[in-house]
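The structure appears below as structure tokens.
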Amino acid sequence: MQNRVLLVEDDDELRQLLARYLTNQGFTVREAANGRDGLALALGQDCDIVVLDIMLPDISGLEVLRELRAETHLPVVLLTARGDETDRIVGFEVGADDYIPKPCNPRELVARLQALLRRIAWDQKTEVNAARTYGDLRVEPGHRRIYQNDVAMELTATEYEVLQVLLAHAGSVVRKTDLMQWALGRRLEAYDRTLDMHISNLRKKLGNDDPPRIETVRGLGYSYRVPE
């Protein structure tokens, strides 16, 4: 079955270019030229993944993302202005899974989408009864859910991937390069703070323990500490 992508972008030329490229790569593409139309299509569950521009003519992409996150866990990749670190940070705080700067390389966009969808499909093939417990957390790969004290955590698709990798290696250091590859499906690039932002969000959602459950091992990576 073809993966369905919703492309929300007000630049007609760019949207049509990306839509043609994605279609040629085997995606089924729905398009929206503004935030309200994009939000309606996404909430209608007519797609598997969303590519969302931040700068839209009616409501901003960040507002679309906020409303989406109140209703759905659909994976979202943001299109951001090159070099605009603030938009990226806020985007991750609101619940983005990844970002790609504009003007974007269609080939790179396809690679990001395929990597994210591949990880989701792999987990959905996992047996539901293969649950794993780490202290007060329980991972259920078949449902792609992590529960804390039997309450489902509100995680984005990428936050789920990052946390389940750290839990699988609890007590050991996971190098940033490995975590980026295993959880996001791509190489860690210089000055890329994507992983750092996901870790920051996870610490908040886990309860801001002191010391934090996800410990930074300077110069190496991160380690998950199972609380006693």
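The values are calculated or read from the model by the stated rules, or taken from the named source; none is laboratory data. Owing to the predicted nature of the structure, the values given are computational and were not obtained by experimental measurement. Positions of Cβ are backbone-derived with ideal geometry, glycine not excepted, and every protein chain shown enters the neighbour counts.
Do you know which of the residues in region 130-150 that are aliphatic (A, V, I, L, M) and closer than 21 Å to PRO75 by Cα is surrounded by the most Cβ atoms within 10 Å (Cβ to Cβ)?
ILE146
Scanning region 35-82 for residues that are over 13 Å from ILE100 (Cβ atoms) and among the polar types (S, T, N, Q), which turns out nearest to the chain's Cα centre (by Cα)?
Among those residues, the one meeting the criterion is THR72.
Mind checking which residues of region 1-20 are part of a helix (DSSP H, G or I) and crowded, with 16+ Cβ neighbours inside 10 Å?
Correct list: LEU14, ARG15, LEU18, ALA19.
Do the conditions hold for VAL173, that is, is it in contact with a Leu (Cβ under 8 Å, 6 or more places away or on another chain), surrounded by 12 or more Cβ atoms within 10 Å (Cβ to Cβ), at pLDDT 90 or above and hydrophobic (A, V, I, L, M, F, W, C)?
yes
I'm trying to understand the selection: among the residues of region 212-226, which are closer than 16 Å to LYS176 by Cα and touching a residue at least 60 places away in the same chain (Cβ under 8 Å)?
Within region 212-226, just TYR224 meets the criteria.
Please go through region 147-163 and give me each residue that is over 22 Å from GLY91 (Cβ atoms) and either within 15 Å of the chain's Cα centre (by Cα) or hydrophobic (A, V, I, L, M, F, W, C) (or both), ordered by number.
Passing the criteria: VAL151, ALA152.
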